[in-house]
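The values are calculated or read from the model by the stated rules, or taken from the named source; none is laboratory data. Keep in mind that what you see is a predicted model, and the values were worked out from it rather than measured. For neighbour counting, all protein chains shown are included, and Cβ atoms are generated from backbone atoms with ideal geometry for every residue, glycine included.
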Amino acid sequence: MTGPGRVVVVGDVVNDVLVRPLGPVTPDSDTRATIVRRPGGSAANLAAWLGSLGAPVSFVGRVGAGDRDFHAGCFAALGVEPHLAVDPERETGTIVVVLDDAGRRTMLVDRAANSALTAADVPPGLLERAALLHLTGYSFFEPGVRTAALELMARARALGVPVSVDPSSVAFLRDVGAEQFLAWTAGARFCFPNRDEAAELAGTGDPRRAAEALTAHYRTVVVTLDGDGCVVADRGTDPVAVPVHRLVAVDPTGAGDAFCAGFLDAWCRGSDPIAAAAAGARVARRAVSRLGGRP
């Protein structure tokens with residue numbers, strides 16, 4: 001593939017509430033904490049990182065009426081073309097992210113308006129001018145949104161537009177089952193599971209074996225391994241480990257989204273998957289060095 005083509009990202013946009021307790025949590029009483037509010041959502045974060053890299057990118061999502069202008073402005077400031085449907089009944093999705101001293105996250109999720117996203121929210125002609133469609137696993141975990149995601153995948157396939165998928169949540173993968181998720185997303189050009197998601201999908205905790213096994217469903221599989229880099233498996237070739245230099249993460253929120261953005265930006269500009277993975281790792285390093293999931 002040559003030249004930076006337009007990436008169309010469809011999926012969740014949320015209001016993130018990041019909470020870092022400043023001491024042991026005291027049940028039934030007060031605990032001092034640092035609390036930061038940021039725009040978020042896996043798909044929205046990825047679009048924001050793509051925009052910050054100079055990639056042509058459009059984002060499609062659904063928000064509550066009171067948040068449309070705020071989120072549209074956040075996207076536009078980073079070069080993202082926003083297409084935000086306003087939900088007449090639901091508020092914008094919210095995630096409360098509780099961070100501990102080791103950088104681990106506990107996430108409390110209310111998907112709200114995201115649960116009502118439909119294929120009709122994608123403007124006419126947008127997929128026709130896309131170089132790639134990106135979807136996250138969250139769009140497959142609930143029946144209503146799943147219908148939209150499957151329709152968009154079918155439309156992209158008919159147009160010859162490649163699709164990339166991020167499984168997003170090992171907990172939700174377990175709820176729907178690996179076999180079912182693989183059936184829904186089979187044929188995607190790229191799949192970006194993390195270590196736990198790859199193990200759940202492939203039935204093995206060995207990232208190299210998991211990546212290679214998953215190429216039966218996807219052309220290229222990139223298993224991200226947090227501070228240990230990633231494994232890239234291209235169908236028909238041996239998996240390749242791409243190492244990274246470790247650093248202490250301030251906040252890992254959005255690191256996987258940043259990695260995917262760096263990868264897809266590089267690939268759309270003509271890089272092979274190994275070079276694209278190295279580019280993704282560089283963007284992920286930027287993401288974990290600050291609070292919040294966006295640039």
- Item | Filtered residues of segment 56-110 (kept if under 16 Å from the mean Cα position of the chain (by Cα) and among the small types (Gly, Ala, Ser)) | Ser58, Gly61, Gly93
- Item | Selection from segment 245-295 of residues that are of a type in the set (Lys, Arg), modelled with pLDDT of 90 or more and either under 16 Å from the mean Cα position of the chain (by Cα) or in a helix (DSSP H, G or I) (or both) | Arg282
- Query: Does Asp238 meet the test of being assigned to a helix (DSSP H, G or I) and charged (D, E, K, R)?
  - Reply: no
- Query: Which one of these is surrounded by fewer than 24 Cβ atoms within 10 Å (Cβ to Cβ) and farther than 20 Å from Phe263 by Cα: Leu201, Leu159?
  - Reply: Leu159
- Message: Tell me whether segment 209-216 contains one or more residues that are β-branched (Val, Ile, Thr), part of a helix (DSSP H, G or I) and touching a strand residue (DSSP E or B) at 6+ places or on another chain (Cβ under 9 Å).
- Response: no
- Mind telling me which of the residues Thr147, Thr136, Thr106 ends up being of a type in the set (S, T, N, Q), surrounded by fewer than 17 Cβ atoms within 10 Å (Cβ to Cβ) and closer than 19 Å to Asp226 by Cα? Thr106
- Taking segment 26-55 as the search range and keeping residues that are surrounded by fewer than 11 Cβ atoms within 10 Å (Cβ to Cβ) and not acidic (Asp, Glu), which one is nearest to the chain's Cα centre (by Cα)? Ile35
- Query: Could you list, in sequence order, the residues of segment 62-92 that are touching a Pro at 6+ places or on another chain (Cβ under 8 Å) and of a type in the set (Gly, Ala, Ser)?
  - Reply: Ala65, Ala72, Ala76
- Task: For segment 109-127, enumerate the residues that are aliphatic (A, V, I, L, M) and exposed (fewer than 14 other Cβ atoms within 10 Å of the Cβ).
- Result: Ala120
- Query: Using beta carbons and a limit of 7 Å, which pairs, at least six apart or on different chains, have the first residue in segment 109-129 and assigned to a helix (DSSP H, G or I) and the second one at pLDDT 95 or above and of a type in the set (S, T, N, Q)?
  - Reply: Ala112/Thr92; Ala112/Thr94; Ala113/Thr92
- Query: Is it the case that segment 177-190 has a residue that's at pLDDT 95 or above, part of a helix (DSSP H, G or I), basic (Lys, Arg) and surrounded by fewer than 22 Cβ atoms within 10 Å (Cβ to Cβ)?
  - Reply: no
- Query: Do we have Ser169 as at pLDDT below 95 and under 18 Å from the mean Cα position of the chain (by Cα) here?
  - Reply: yes
